[in-house]
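A short reminder: the numbers here are calculations on the coordinates, not readings from a lab. These figures come from a predicted structure and were not determined experimentally. Cβ atoms come from the backbone with ideal geometry, glycine included; neighbour counts cover every protein chain shown.
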Amino acid sequence: MTAAIHATAILGAGAKLGSHVSIGPYAIVEDEVELGSGCFVEAHAIVKNGTVLGDGCRVGHFAVVGGEPQYLAFDPATSSGVKVGMGTRIGEGVTIHRSIQEKEVTCVGDNVYLMGYSHVAHDCVLGDQVVVANGALLGGHVELGTNCFVGGGAAFHQFVRVGEGAMVGGMAEVSADVPPFVTVARRNLACGLNLVGLRRRQLPRKVIADLKECYRAVYFHEGNPQRRAEKALASGELPSTLQGRAFLEFFLSGERGFVRSRKVRDSENDS
């Protein structure tokens, strides 16, 4: 079986379909779309020109993949798109906008889960195994590292970076970069390591211990987090694992600053 296309679905003549694709009632798949093998486009979903879905993706009811970016200077004639990796689930009402740049794409990795009514703006880059819960909003150019978890209703400013394995709590407001393996809540508030996520990934105890030391070096002291990370790296005492190095080196780049520690904030409020 090549494809199962409902009689009420609209399929562009130029669309490229892999084997065993299913397209539900009243769904729309436009001309310049590629659907990998085993993809399922549910009823009333829309997959727009320039979208490429890897094998085994599922697009939920009323989702729109590849829509025009919410960017006032955008030229609709721009040839851009969305690329989604294998096994990704796009929930009901999700919106993913295409890039604002010619020949560029908004990129979603493998085995990502975008839950209902979440939004991925233009030029975002989401790593593999990312989970974005209901109603979360990603501004343009946001980057989420592999194995990130984003709670429901969280909102991200444009150009924010979130490192590997971080967890962002529900309803959080994020306008600063989030280092790898860190938990963030409220407004740019670092609340320690994402220990639950680290243990679920079965990382060795020595990795967790090293990350704890690196976190303390940056966040248990007042001062600029970038300078603290640079000092830790220069000391030669930290890190002892690749994950610890990834944590510290995250602070060496970025333009939005970094989330702040609850411990430091409390001391600032007391002073």
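Data for the structure
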{"item": "Stretch gain in nm, segment ARG262-GLU102, where the contour uses 0.36 nm per residue and the Cα spacing is subtracted", "result": "53.4 nm"}
{"item": "Exposed-loop-free span, longest in the chain, where GluC sites (Glu not before Pro) count as exposed if DSSP calls them loop and at most 15 other C-beta atoms lie within 10 Å", "result": "103-221"}
{"item": "222 nm mean residue ellipticity, helices alone, for the chain (DSSP H n ≥ 4; -39,500 (n - 2.57); rounded to 500)", "result": "-5500 deg cm²/dmol"}
{"item": "Alpha-carbon centroids, the range 52-128 and the range 166-243: separation in whole Å", "result": "29 Å"}
{"item": "Modelled label reach - GLU222, point 7 Å along Cα→Cβ, the range 153-196 residues with backbone N closer than 19 Å", "result": "190"}
{"item": "Cβ-based net charge around GLY169, under 13 Å, with every Lys or Arg adding one and every Asp or Glu removing one", "result": "+2"}
{"item": "Environment charge of ARG98, counting only residues whose C-beta is closer than 13 Å and scoring Lys/Arg +1, Asp/Glu -1", "result": "-4"}
{"item": "Residue-wise HN-Hα coupling along the range 23-31, computed from phi with Karplus coefficients 6.51, -1.76, 1.60 (Hz; x: Gly, Pro)", "result": "10, x, x, 6, 6, 10, 10, 7, 4"}
{"item": "Per residue, the convex hull volume that the Cα atoms of the chain enclose (Å³)", "result": "128 Å³"}
{"item": "Hull volume in cubic angstrom per residue (convex hull over the Cα atoms of the range 200-265)", "result": "100 Å³"}
{"item": "Karplus (6.51, -1.76, 1.60) ³J(HN,Hα), θ = phi - 60°, over the range 148-163, in Hz, Gly and Pro reported as x", "result": "6, 10, 10, x, x, x, 5, 10, 10, 5, 4, 6, 6, 10, 10, x"}
{"item": "Residues whose placed amide H lies under 5 Å from that of VAL33, excluding near-sequence neighbours", "result": "ALA15, LYS16, GLY50"}
{"item": "For VAL41, residues with placed amide H under 5 Å, excluding near neighbours", "result": "SER22, ILE23, GLY24, VAL59"}
